[in-house]
Amino acid sequence: MTVPVESLVDGAVRTLLDAVAPAVGSRYARGQLYAVIDVLRNLRDRIEERAALAEADAAGAADALARIVVALRAADAAGAADAIAAAVRAAPDGPPAARAAALAAALVRASEVLAALPGAQAAAARAALEACLVDRAFRGIAHLKPSLLAEISRG
């Protein structure tokens, strides 16, 4: 039987908090211990790539890239639209992490293309890109645990 990584990390954190922390005498060592616990808690959900997170990132990127292509075509920037559409078509259908990575690269390509266009011509496309990046950032931090910085600093 394989124990899920999350269970292993949870057990290690529980042991550190329940058995090790009470036995640590110095403030410095306690601060170091809480720093390790903080890292473990935040890495817990990032140790293995989560298919659901990759799928959400890929779906958001694909939607934004489609809106960018439409906006660029409407702004008479067909060449730029074609370059971005080609990058989207080149993205693999799976696995989710590979698709998300390819579409993230297409977002980078889109940002490069948009940077070269006049502001008014690419305004709608830039708005779609910005919305996608904000969503990705929030999705990325949504899995972080509350910080133990107060405990770390108290030692």
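No lab work stands behind these numbers, since they all come straight from the coordinates. It should be emphasised that the depicted structure is a prediction, and the values quoted were computed from it without experimental measurement. Don't worry about glycine lacking a Cβ; one is built from the backbone with ideal geometry, like all the others, and counts go over all protein chains shown.
Using Cβ point charges alone (K and R +1, D and E -1), the dipole size of segment 5-48 about the Cα centre works out to roughly 240 debye.
Computed packing ranks the peptides 54-63, 111-120 as 54-63, 111-120, most packed first, by mean other Cβ atoms within 10 Å. Taking the longest Cα principal axis of the chain as reference, the axis of helix 51-74 is set at about 20 degrees.
Per-residue 3J(HN,Hα) values for segment 21-26, derived from phi via the Karplus relation 6.51 cos²θ - 1.76 cosθ + 1.60 with θ = phi - 60°, read 3, x, 8, 7, x, 8 Hz in sequence order (x marks Gly and Pro).
The separation of segment 101-142 from segment 73-100, counted between C-alpha centres, amounts to 12 Å.
Calculated over segment 5-48, the projected area of the Cα convex hull averaged across directions stands at 2.7 nm².
The trypsin sites (Lys or Arg not before Pro) of segment 1-81 include none that meets both conditions, a loop assignment by DSSP and at most 10 other Cβ atoms within 10 Å of the site Cβ. Each helix, a run of at least 4 DSSP H residues, gives -39500 (n - 2.57); summed and divided by the residues of the chain, these come to -23500 deg cm²/dmol at 222 nm. If each Cα of segment 9-134 is one equal point scatterer, what is log10 of I(q)/I(0) from the Debye formula at q = 0.11, 0.15, 0.23 Å⁻¹? Those come out to -0.54, -0.70, -1.19, one per q. Charges only on Cβ, +1 for Lys and Arg, -1 for Asp and Glu: so what's the dipole of the chain about the Cα centre, in debye to the nearest 20? Here the chain has a charge dipole of around 380 debye. A simple spin-label model places pseudo-atoms 7 Å from Cα toward Cβ; at A137 and Q32 they are separated by 3.5 nm. I'd like the orientation of helix 123-141 relative to the chain: the angle between its Cα long axis and the longest Cα principal axis, in ° from 0 to 90, rounded to 10. So the helix axis and the longest Cα principal axis differ by about 20 degrees.
Against the longest principal axis of the chain, how steep is helix 96-115, in degrees 0 to 90 to the nearest 10, with axes from Cα atoms? Helix 96-115 sits at roughly 50 degrees to that axis. Close amide-amide hydrogen proximity is noted between A122 and no other residue 5 or more places distant or on a separate chain, at a cut-off under 5 Å (H modeled in the peptide plane; Pro and chain starts excluded).
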